[in-house]
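To start, I am sharing the structure in question, which I have written as structure tokens.
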Amino acid sequence: MPQRVAVSDGANKKTSRVRVAVRLRPFMGDQDEKDEGPCVKGLDSQNLEIINWRNATETVKYHFDAFHGEQTTQQEVFLSVKPILPHILSGQNACVFAYGPTGAGKTHTMMGSAEQPGVIPRAVREVCKLVKAKGDGEGWDYSIGMSYLEIYNEKVRDLLSPSSLDLPIREDKDKNILIPGLTHTTISCFSDFDKQFVPASLNRTTASTKMNQHSSRSHAVLLIKVVRTQRAPPHRQQTGKLYLIDLAGSEDNRRTGNQGIRLKESGAINLSLFTLNKVVDSLNSGTAVRVPYRDSKLTRMLQDSLGGSAHSVMITNIAPEYKYYFDTFSALNFASKSKLIVNKPFTCETVAVPVLPVKRAKEDHEAGGSGT
Ligand code: ADP
Ligand code: MG
């Protein structure tokens, strides 16, 4: 019987930051929107600026761990995730999530397409490669497994067994989080993974068209687990978990006009997102505030994989068109607490008439309620 090793040693003592990267997708608006120009632009590999709607002669500058401009390839985005993957093979946990408004590129970033695979297929391929490279050399046997679920309206649904109902989230005596009843399949290579993942993702997409924007309100969570067991006594065993998450849209449901949903209810739709904001905030502020993991399903599930000794990367996806302005602004404000108002016009040379679009965005904003 292998002896279990508590892998979360020191998890409560040391709190690691969530690394924050921002990815700006290419401009995709129509001709009218093209005339308005972009409302946000990159400055260098860590900084970007957005026009200040309160005063069009000012811009607001933000600083991040990484900024990926619109020309960035899928491989370049993956490189900001790649360094955390070897830790999964030695019993540590990690999580990568794509945050941002619907339409800004979260699914493109995480799943991608057959021609341009995203973070998920690249990360799974890399984990398989790392395990294979271990070979026989170090006296451990490795196995890789996957689970795939979604959280919608605070309910956990198994995407590999779609008939399952809301699954519970529990904690064992070593403070590892587990979901009893969740399907967990062993994969021995990338094609094993692909065979399960592609149809399960399709399941979710089919459900989404029936359920009215379901996918923009649910969190899709892929879990890759690497278990390694020592061949010689005492047969120590370590488990590393990697969460790869395509989050629900961060837009404010009150403003984007989900009619029939009252204010209180629209708050509940994204309780997990709201709590994730608080959790990332308290991890990154470095103060001794309580980290409110238990306040939502998503954060409760990530309690052993976000903060502590875990490695986390948040990719904030943003769009350049003015119609996304307030969602971009609130996504950036969530992602970075360090912002600087700069007293200079916003790239006058490329924004044809900066005052008009800002005024329009402001009117939309005031008509529909405030952003988060
Ligand atoms: P989200 O999942 O955040 O709602 P999507 O990933 O579905 O957004 O992206 C919206 C659209 O923009 C899709 O058609 C997608 O293919 C395209 N897109 C997003 N990001 C990029 C990018 N970096 N390069 C090219 N197309 C992109
Ligand atoms: Mg999406």
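Here, each number is a calculation from the coordinates, and none is a lab measurement. Keep in mind the model is a prediction, meaning the values are calculated, not measured. Neighbour counts run over all protein chains shown; Cβ positions are idealised from the backbone, glycine included.
In nanometres, what is the gap between the two model label sites at Thr57 and Asn153, each 7 Å from Cα along Cα-to-Cβ?
5.1
Considering only the other residues whose Cβ falls under 10 Å of the Cβ of Met146, what net charge follows from Lys and Arg at +1 and Asp and Glu at -1?
Net charge around Met146: 0.
Within the P(r) computed for region 167-206, what percentage of the Cα pairs occupies the region above 13 Å?
Tail of the P(r) past 13 Å holds 66 percent of the pairs.
Using label points projected 7 Å from each Cα along Cα→Cβ, tell me how many nm separate Arg17 and Asp141, to one decimal.
Inter-label distance under the simple model: 4.2 nm.
May I pose another question? Among residues other than Pro320 whose Cβ falls under 11 Å from its Cβ, what is the net charge (Lys/Arg +1, Asp/Glu -1)? Present the calculation step by step, with values, prior to reporting the outcome.
Details: positive: Arg25, Lys34, Lys41, Lys323; negative: Glu33, Glu36, Glu70, Glu321.
Result for the local shell: 0.
Distance from the Cα centre of region 118-154 to that of region 177-193, in angstrom?
Value for the Cα centre distance between the two parts: 9 Å.
Which of the listed residues, Gly69, Leu160, Thr185, is farthest toward the dipole's positive end in region 60-197, when Lys, Arg count +1 and Asp, Glu count -1 at the beta-carbon?
The Cα lying farthest towards the positive end belongs to Gly69.
Right, another one. With a 10 Å radius around each residue's Cβ, average the other Cβ atoms per peptide and rank 51-59, 241-249, highest first.
241-249, 51-59
Turning to a different aspect of this structure: For a protection proxy built on the mean count of beta-carbon atoms within 10 angstrom, sort 272-285, 123-136 highest first, please. Each step should come with its number before you reach the end.
Values: 272-285: 19.7, 123-136: 15.8.
Going from most to least packed, we get 272-285, 123-136.
By average Cβ neighbour count within 10 Å, what is the ranking of 330-336, 113-119 from highest down? Before the final figure, lay out each step's value.
On the way: 330-336: 20.4, 113-119: 13.7.
Top to bottom by mean Cβ count within 10 Å: 330-336, 113-119.
In terms of the Cα gyration tensor, with a ≥ b ≥ c the square roots of its eigenvalues, is region 122-197 rounded because a/c is under 1.5, prolate because a/b exceeds b/c, or oblate?
oblate
For a footprinting-style exposure proxy, rank Thr299, Thr287 by other Cβ within 10 Å, fewest first.
Ascending Cβ contact count within 10 Å gives the list Thr287, Thr299.
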